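The values are calculated or read from the model by the stated rules, or taken from the named source; none is laboratory data. Predicted model only: the values in this text are computed from it and were never measured. Positions of Cβ are generated from backbone atoms using ideal geometry, with glycine treated the same way; all protein chains shown enter the neighbour counts. Each accessible area value is taken on the protein alone, full model and side chains, heavy atoms only, with ligands, DNA and RNA left out. Shrake-Rupley method; radii C 1.70, N 1.55, O 1.52, S 1.80 Å.
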Amino acid sequence: MPKAKVNGVEVEFEPGMTVLQVAELAGEEIPRFCYHERLSIAGNCRMCLVEVKPGPPKPQASCALPAAENQEIFTNTPMVKKAREGVMEFLLINHPLDCPICDQGGECDLQDQAMGYGRDDSRYADNKRAVEEKAMGPLIKTVMTRCIQCTRCVRFVTEVAGVPDIGLISRGEDVEITTYLGKAVASELSANVIDLCPVGALTSKPYAFNARPWELKKTESVDVMDALGSAIRVDSRGPGVLRVLPRLNEDINEEWISDKTRYAVDGLSRQRLDKPYIRKAGKLVPATWAEALDLVASKLKAAPADRIGVIAGDLQDAESMKAAKDLFTALGSANIDCRQDGMALGNGPRESWLFNATIAGIENADAILLVGTNPRLEAPVLNARLRKRWLAGALQVAVIGEQADLTYGYEYLGGGPQSLTALAKSKTGFAKLLKDAKAPAIVLGAGALGRADGAAVAKAAAGVAKAFGMGWNVLHSAASRVGGLDLGFVPGEGGKTAGQMAAKGGLDVLLLLGADEVDVSASDAFTVYLGTHGDAGAHKADVILPGAAYTEKDGIYVNTEGRVQFGNRAVFPKGEGREDWSILRALSERVGQKLPYDSLAQLRAKLFEEHPSFGQIDYAPAGTADLAAIGGAGDLGDAPFASPIKAFHLTNPVARASVTMAECAAQLSGAAKIAAE
């Protein structure tokens with residue numbers, strides 16, 4: 001490998017690296033505003049100036065300068081220091097210097113760099129430039145007078161998000177960052193520009209003026225808004241969660257999160273269930289924990305074992321599902337299910353329901369077939385990875401299902417199961433491309449598996465995967481799904497599925513464990529809802545037991561690739577709410593089937609003992625599925641595949657309680673209506 005000297009220290013580097021990257025290899029910190037590791041190089045802020053020999057006797061922008069063999073790089077000479085101070089002085093000529101009222105105060109790159117390279121006065125007496133604010137939607141607040149035209153936001157929405165709604169207009173002193181025709185940024189990843197902005201030009205509109213960063217308690221956790229398990233940091237003050245930010249995790253979300261992950265948190269404090277309720281004379285009235293638990297216990301004991309059941313929701317942690325399974329198994333019931341949508345997987349080998357390529361590993365694929373899934377809505381961060389691979393020219397994509405703007409080009413093969421069987425028999429077009437590909441992969445979504453013919457679709461898809469040597473991947477949209485399937489939270493012998501339990505005459509007593517996406521409107525069972533929000537499940541309930549949201553409890557979540565991760569408590573449950581597993585533990589004592597654990601540590605020990613995969617923390621198995629064991633008998637239907645997500649911002653009780661998500665959904669539907677007209 002070539003070598004260069006950085007401040008006299010010899011460093012080996014890979015060909016193609018820039019001077020800035022080589023300097024960082026040597027441990028030297030280079031200030032920058034426009035440069036970002038995941039975006040293309042712009043070279044327009046000039047803050048990263050260094051001195052290079054051999055070369056002209058002047059400072060050079062290190063982010064855009066290729067490193068060369070035997071190069072000498074100097075990052076701390078008087079010339080470099082003076083040049084950086086000059087750049088900082090120019091940047092501050094028009095900057096309003098309104099740090100005391102700026103939301104970025106305390107987290108501002110310009111503020112930090114000004115401490116190192118700023119002057120205590122200005123040599124310029126000209127009037128500062130003012131720029132009109134821009135309408136970027138309900139998430140992004142703009143103060144464009146602060147903008148230093150680093151173009152990070154432009155490059156992000158164009159390159160990563162794939163929605164080129166932000167651009168640079170005019171020239172010279174009149175240059176401005178703006179959205180085209182004043183429209184909002186129509187991306188599920190749009191708010192990442194707030195993290196990227198090195199000044200206070202783009203800040204968080206819902207979080208504006210709520211808190212300063214040093215006032216917040218910061219808790220590392222995982223996201224449950226989709227099945228990727230993105231790494232997040234939950235910032236709270238007192239009893240409230242104020243914001244969610246991304247954490248760096250190269251294996252899952254890199255450093256991006258979706259807008260729903262970031263902004264649904266205001267739903268954590270709205271429409272909350274904060275005390276037990278019992279339905280009397282058709283109305284829910286507050287009750288004590290003892291009254292509520294005694295009533296539920298009496299109903300469970302009075303009903304036959306085959307007439308009671310439990311359905312787990314999409315946001316549940318593994319511990320609560322483990323406790324629910326243990327309780328209902330002890331009561332003799334086989335009616336347990338975590339598949340609210342009726343997904344046809346859960347009884348085969350573990351690899352049959354995992355994203356086996358892994359999230360990071362999917363970047364190695366050179367041909368992908370998407371079946372019954374819209375990754376842009378179901379997993380926006382994964383979709384950005386697919387776009388990155390596609391932009392590099394190394395990926396060909398085909399879709400069987402809904403036609404939608406995925407932010408990258410694809411070949412449309414058809415809408416329904418017949419297109420799968422046609423592809424298996426074909427030898428031309430995309431079929432030939434799959435045959436010639438070195439690492440082809442198939443990705444199935446809930447739109448293909450959550451149908452009446454889901455088992456037959458899975459079998460047909462497995463046949464296609466086998467015919468072309470494709471890796472098997474299932475993209476879930478529910479954070480709890482893989483954990484539930486790993487636990488065996490599916491109907492036992494003679495047990496009923498979620499749909500059968502929710503049907504009229506299905507059961508006598510039904511426990512909804514945070515389950516709001518299954519239609520229980522026809523059910524005549526005595527319904528118990530253990531959850532957090534006054535959503536669909538609570539409306540139907542005869543007894544409500546207030547649980548803890550994902551930010552209010554320690555819990556284990558397994559993402560779509562089978563990676564086990566810990567979610568950590570940031571705040572305490574609202575009102576009289578309790579952690580879900582502890583409620584089930586208290587209920588078990590009243591029905592005479594006391595669960596054998598008294599603490600979360602004991603519950604986890606039993607979980608790891610009975611299901612060893614849960615002990616493999618932060619490990620993605622990346623296995624190979626036995627394609628012959630996937631799917632079941634049945635006839636393929638004619639209906640086209642459809643993604644289960646119709647409104648991206650309103651997919652779960654937390655998001656539906658969020659005012660911010662409601663604004664986003666209204667804006668999106670309004671934009672769609674205008675486009676249609």
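Here are the numbers for the structure shown:
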read-out	value
Selection count, the stretch 611-639, where residues are open to solvent by 60 Å² or more (accessible area, probe 1.4 Å) and under 29 Å from the mean Cα position of the chain (by Cα)	7
Residues (surrounded by fewer than 18 Cβ atoms within 10 Å (Cβ to Cβ) and either on the phi < 0 side of the Ramachandran plot or part of a strand (DSSP E or B) (or both)) located in the stretch 382-395	391, 392, 394
Residue list for the stretch 357-381, filter: of a type outside the set (Asp, Glu) and open to solvent by 10 Å² or more (accessible area, probe 1.4 Å)	357, 358, 360, 361, 364, 373, 374, 376, 377
Selected residue (only one of 535, 580 is touching an Asp or Glu at 6+ places or on another chain (Cβ under 8 Å), open to solvent by less than 30 Å² (accessible area, probe 1.4 Å), within 23 Å of residue 488 (Cα to Cα) and of a type outside the set (S, T, N, Q))	580
Qualifying residue in the stretch 212-228 (condition: buried (at least 17 other Cβ atoms within 10 Å of the Cβ), of a type in the set (Gly, Ala, Ser) and free of Cβ contacts under 8 Å to residues at least 60 places away in the same chain)	no
Contacts under 8 angstrom Cβ, first residue in the stretch 614-634 being over 21 Å from residue 559 (Cα atoms), partner in a loop (DSSP other than H, G, I, E, B), 6 or more apart	629/348; 629/349; 631/344; 632/344; 634/453
Residue list for the stretch 407-423, restricted to those being surrounded by fewer than 16 Cβ atoms within 10 Å (Cβ to Cβ) and either under 29 Å from the mean Cα position of the chain (by Cα) or among the small types (Gly, Ala, Ser) (or both)	409, 411, 412, 422
Pick from the stretch 458-500, criterion in a helix (DSSP H, G or I) and of a type in the set (Val, Ile, Thr), ranking: surrounded by the most Cβ atoms within 10 Å (Cβ to Cβ)	482
Qualifying residue in the stretch 262-279 (condition: in contact with a helix residue (DSSP H, G or I) (Cβ under 7 Å, 6 or more places away or on another chain) and open to solvent by 50 Å² or more (accessible area, probe 1.4 Å))	yes
Answer from 252, 232 - the residue that is part of a loop (DSSP other than H, G, I, E, B), among the β-branched types (Val, Ile, Thr) and buried (at least 24 other Cβ atoms within 10 Å of the Cβ)	252
Qualifying residue in the stretch 279-292 (condition: touching a strand residue (DSSP E or B) at 6+ places or on another chain (Cβ under 6 Å), over 19 Å from residue 574 (Cβ atoms) and assigned to a helix (DSSP H, G or I))	no
Scope the stretch 43-62; condition touching a helix residue (DSSP H, G or I) at 6+ places or on another chain (Cβ under 6 Å) and either part of a helix (DSSP H, G or I) or open to solvent by 60 Å² or more (accessible area, probe 1.4 Å) (or both); matching residues	46
Residues of the stretch 543-566 classified as of a type outside the set (D, E, K, R) and part of a loop (DSSP other than H, G, I, E, B), total	8
Members of the stretch 325-344 that are open to solvent by less than 40 Å² (accessible area, probe 1.4 Å) and in contact with a strand residue (DSSP E or B) (Cβ under 7 Å, 6 or more places away or on another chain)	328, 331, 333, 335, 336, 337, 338, 340
Filter result for residue 185 (touching a Leu at 6+ places or on another chain (Cβ under 7 Å) and open to solvent by less than 40 Å² (accessible area, probe 1.4 Å))	no
Which numbered condition residue 450 fails, given (1) exposed (fewer than 15 other Cβ atoms within 10 Å of the Cβ); (2) in contact (Cβ under 8 Å) with a residue 24 or more places away in the chain; (3) within 22 Å of residue 383 (Cα to Cα)	(1)
Candidates 585, 569, 578, 604 - the one that is assigned to a helix (DSSP H, G or I), basic (Lys, Arg) and within 29 Å of the chain's Cα centre (by Cα)	604
Odd one out for residue 398, checked against (1) in a helix (DSSP H, G or I); (2) open to solvent by less than 10 Å² (accessible area, probe 1.4 Å); (3) over 29 Å from residue 500 (Cβ atoms)	(1)
Index of the failed condition, residue 347 passing every other in (1) open to solvent by 30 Å² or more (accessible area, probe 1.4 Å); (2) on the phi > 0 side of the Ramachandran plot	(2)
Cross-chain or 6+ apart pairs with Cβ under 6 Å, the stretch 70-98 first and part of a helix (DSSP H, G or I), then of a type in the set (Val, Ile, Thr)	80/50; 91/148
Subset tally (residues that are under 19 Å from residue 194 (Cβ atoms), surrounded by 14 or more Cβ atoms within 10 Å (Cβ to Cβ) and within 35 Å of the chain's Cα centre (by Cα)) for the stretch 63-105	6
Output for the stretch 106-133, where each listed residue is open to solvent by less than 30 Å² (accessible area, probe 1.4 Å) and part of a loop (DSSP other than H, G, I, E, B)	108, 131
